[in-house]
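Below: one structure, written as structure tokens.
The values are calculated or read from the model by the stated rules, or taken from the named source; none is laboratory data. Here the structure is a predicted model, which is why all the values come from computation and not from measurement. Because the Cβ atoms are built from the backbone with ideal geometry, glycine has one as well, and the counts that use them run over all protein chains shown.
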Amino acid sequence: MMENKEMKPGKGGQQGQMMKPGMKKQKPLKGILFLALVLTAAVVLLVLYPENREPTYKASWSFFVEIIQILPGVMVLMGLFSVWVKNETVIKYLGHSSGISGLALAFFLGMIPTGPLYVAFPLAASLLKKGARTANVVIFLSAWACIKLPQELVELRFLGLKFMALRLGLTVVLVLFMGLFIEKAGKFGESSVSD
Amino acid sequence: MNITVIFINAAALLGLIISFSRNKEKSMKALKMALKSTFKMAPAILILLILVGLMMGFFKPETISRLLGEQSGIYGIVLASIAGSILMIPSLIAFPLTASIVDSGASIAVAAAFITTLTMIGFVTLPIEIKIMGRKFTYLRNGLSLVVAVVIALIMGVIL
């Protein structure tokens, strides 16, 4: 197993925080400020309209119960993924893959890592620079964005098997076309055509 | 208890056991990362808890279904796509949020459009994407992702 020391900024960043990605170290202050604002608004509303209290509490509580059942498990899974699957390994495999198996690999490798999408941009850029196929890079980015594995589990839990499976299937098909289209539309990096 | 809940937690537990049997240090690091990202996400989760409560407590299901339900047609999908492109909600809490909107009357198409745009299109991160990937690539990817999202939404609306 190749395990280089990870130096990329934002590597520790897990699944989408509400933050501006530009900055190296994000202060949680903004989130807490926003929370205070929402909380204040809620208190004011509930004081003014006592008849709405009951359904509000009930909805918040059941939402909380649903989230708490899966949150620790998903967080642990994402932690395990990011420790065991190094970004370098992903680049290594995707860098020189071609043909249909390359496209499939791009989907697969995009689904494994964790972290918000902007963490994947530098990876995608270096893939293009290394001569990876444009379609593969687009697919990799899209899979990273919307069909990551832990994310799909949460989707399954909350929106059901039919919804999850159908969205997954449609995404794979359409993203494949999108990747091939963008590849036709222009040269990015020095990508060469593969068979 | 729901079977997916059991599956997720069983997978996490099994993963931990395997991980610890191979490398204790790495496993501790994974646990630390899990804890850290939970704390990072906590404000966002609490905000959504409050907002979902207020939404259910104050809006009648009829209002939600009028704005985002079947009869909202393409407007509902457009509205959801715009919201999904601009907002930055961790996908982990986007799913329960979407589920509760669907429960109170939003259509499947709207839900699919919202989730797909939310995850694939980053209005806020556009400048970073342009800087790293180039202008043309960024516009193509985000523009086409919007098309993909709407197509997915329409097809899912018809099938489900």
(request) Can you run down the residue pairs with Cβ atoms below 7 Å, 6 or more apart or on separate chains, where the first is in the range A:141-154 and within 17 Å of A:ILE91 (Cα to Cα) and more than 8 Å from chain B (Cβ to nearest Cβ) and the partner is among the polar types (S, T, N, Q) and assigned to a helix (DSSP H, G or I)? (result) none
(request) Could you check A:SER82 against (1) without any contact (Cβ under 8 Å) to a residue 40 or more places away in the chain; (2) more than 21 Å from B:LEU87 (Cβ to Cβ) and say which number it fails? (result) (1)
(request) Working carefully through the options A:GLY115, A:GLY179, A:GLY99, find the one that is away from chain B (no Cβ under 11 Å) and either within 18 Å of the chain's Cα centre (by Cα) or small (Gly, Ala, Ser) (or both). (result) A:GLY99
(request) State whether the residues of the range B:113-135 include one that is of a type in the set (Lys, Arg), at pLDDT 95 or above and not assigned by TED's automatic domain parsing to the domain that holds B:SER37. (result) no
(message) Please list, ordered by residue number, the helices (runs of 4 or more DSSP H) wholly in the range B:68-160 having 2 or more residues that are at positive phi and within 11 Å of chain A (Cβ to nearest Cβ).
(response) none
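For the range B:1-17, enumerate the residues that are outside any helix (DSSP H, G or I) and more than 7 Å from chain A (Cβ to nearest Cβ).
Answer for the range B:1-17, where residues must be outside any helix (DSSP H, G or I) and more than 7 Å from chain A (Cβ to nearest Cβ): just B:MET1.
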(request) Would you mind finding the one in A:ARG157, A:ARG133, A:ARG167 that is in the same structural domain as A:LEU103 (by TED's automatic domain parsing), touching a residue at least 12 places away in the same chain (Cβ under 8 Å), more than 18 Å from B:SER91 (Cα to Cα) and crowded, with 21+ Cβ neighbours inside 10 Å? (result) A:ARG133
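So, in the range B:19-30, of the ones that are surrounded by 18 or more Cβ atoms within 10 Å (Cβ to Cβ) and at the interface with chain A (Cβ under 7 Å from one of its Cβ atoms), which residue ends up farthest from the chain's Cα centre (by Cα)?
My answer is B:SER19.
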(message) Looking at (1) assigned to a helix (DSSP H, G or I); (2) more than 9 Å from chain B (Cβ to nearest Cβ), which one does A:GLY73 not meet, given that it meets all the others?
(response) (2)
(request) Please give the number of the condition A:SER97 fails out of (1) part of a helix (DSSP H, G or I); (2) assigned by TED's automatic domain parsing to the domain that holds A:ALA124; (3) of a type outside the set (A, V, I, L, M, F, W, C). (result) (1)
(message) Residue under question is B:LEU92, and the condition is that it be at pLDDT below 90 and closer than 25 Å to A:MET111 by Cβ; does it hold?
(response) yes
